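The values are calculated or read from the model by the stated rules, or taken from the named source; none is laboratory data. Since the structure is predicted, the reported quantities are computational estimates derived from the model, not experimental observations. So basically every Cβ, Gly included, is an ideal-geometry build from the backbone, and we count neighbours across all protein chains shown.
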Ligand code: Z5A
Ligand code: MG
């Protein structure tokens with residue numbers, strides 16, 4: 001039998017609404033983890049560097065058009081092409097911080113009208129995070145963070161639907177107990193402090209268990 005890894009790293013997803021500060025917080029977190037001498041790396045989704053990632057990038061920048069199902073499957077395929085590396089690294093003791101993951105994948109496509117269960121299916125079997133840290137930002141606070149960017153989904157109507165879908169999904173997965181919701185309207189430093197506490201807990205949790213899969 002395969003021995004249960006005892007010193008694996010933690011797999012942590014940072015999720016949240018547009019402009020909630022995910023990338024800001026991920027960068028700060030990486031700096032701190034590395035300062036403390038921990039084996040840690042960042043995995044951003046979508047990962048726009050791969051061949052699939054380049055197709056996603058041109059779709060988001062509206063230089064290409066794709067059927068809603070096709071782009072949904074590409075976002076998932078982008079996770080699958082990196083899954084083996086994530087799994088191997090975690091089992092070698094790396095803590096991996098993911099800037100967006102399957103949850104963004106489900107809610108953005110469902111917000112466009114694809115069925116919620118349909119949207120979840122292609123991600124089934126991917127490595128399941130030890131913790132999902134959800135950065136929650138009110139519509140009013142989001143508006144204070146400057147205008148939208150140029151990308152396809154950065155329009156008010158889409159953002160409203162995404163907020164509703166995240167709310168729905170949070171209820172749906174509540175029993176799984178791995179979602180931690182933080183108020184992203186606080187200062188960068190306050191949010192970072194709260195994230196740090198959750199990361200330490202996730203690392204502790206990871207020590208005693210093998211990585212699970214997304215059901
Ligand atoms: N997408 C999808 O459809 N399916 C999928 O499977 C996946 C993604 C994985 C691109 O993602 C799009 O892909 C995205 C979802 C979709 N569409 N949209 N919208 P992305 O991750 O590349 O998107 P992004 O543009 O890099 O990130 P973001 O979500 O828009 O922003 P963020 O990373 O959460 O925020 P930030 O860049 O760290 O901060 C935003 C601004 O707020 C910035 O000026 C900061 O200085 C400021 N900020 C940050 N924190 C604070 C606090 N605490 N107070 C005040 N100001 C703050
Ligand atoms: Mg970002």
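Residues in segment 15-35 that are at pLDDT 95 or above and more than 10 Å from ligand 2 (Cβ to nearest atom): 15, 28, 29, 30, 31, 32, 33, 34, 35. Is it the case that segment 28-46 has a residue that's assigned to a loop (DSSP other than H, G, I, E, B) and closer than 23 Å to residue 78 by Cα? For segment 28-46, residues assigned to a loop (DSSP other than H, G, I, E, B) and closer than 23 Å to residue 78 by Cα: present.
With the structure loaded, tell me whether residue 48 is near ligand 1 (Cβ under 8 Å from one of its atoms), crowded, with 19+ Cβ neighbours inside 10 Å and at pLDDT 95 or above or whether it fails that test.
Against the criterion (near ligand 1 (Cβ under 8 Å from one of its atoms), crowded, with 19+ Cβ neighbours inside 10 Å and at pLDDT 95 or above), residue 48 does not qualify.
Could you please let me know if residue 56 is touching a helix residue (DSSP H, G or I) at 6+ places or on another chain (Cβ under 6 Å) and without any contact (Cβ under 8 Å) to a residue 24 or more places away in the chain? Considered against the rule, which asks whether it is touching a helix residue (DSSP H, G or I) at 6+ places or on another chain (Cβ under 6 Å) and without any contact (Cβ under 8 Å) to a residue 24 or more places away in the chain, residue 56 comes out as yes. Against the conditions (1) in contact with a helix residue (DSSP H, G or I) (Cβ under 9 Å, 6 or more places away or on another chain); (2) closer than 22 Å to residue 79 by Cα, where does residue 164 fall short? Just the number, please. The failed condition is (2). The set of residues in segment 142-186 that are assigned to a loop (DSSP other than H, G, I, E, B) and closer than 30 Å to residue 58 by Cα comprises 145, 146, 147, 148, 149, 150, 151, 152, 153, 154, 155, 184.
Only a single item in (1) in contact with a strand residue (DSSP E or B) (Cβ under 9 Å, 6 or more places away or on another chain); (2) at positive phi is not met by residue 93, and it is number (1). Going through (1) under 19 Å from the mean Cα position of the chain (by Cα); (2) under 18 Å from residue 26 (Cβ atoms); (3) part of a helix (DSSP H, G or I) one by one, residue 189 falls short only on (1). Taking residue 117, is it loosely packed, with under 13 Cβ neighbours inside 10 Å, closer than 21 Å to residue 172 by Cβ, more than 10 Å from ligand 1 (Cβ to nearest atom) and more than 17 Å from the chain's Cα centre (by Cα)? In short, yes.
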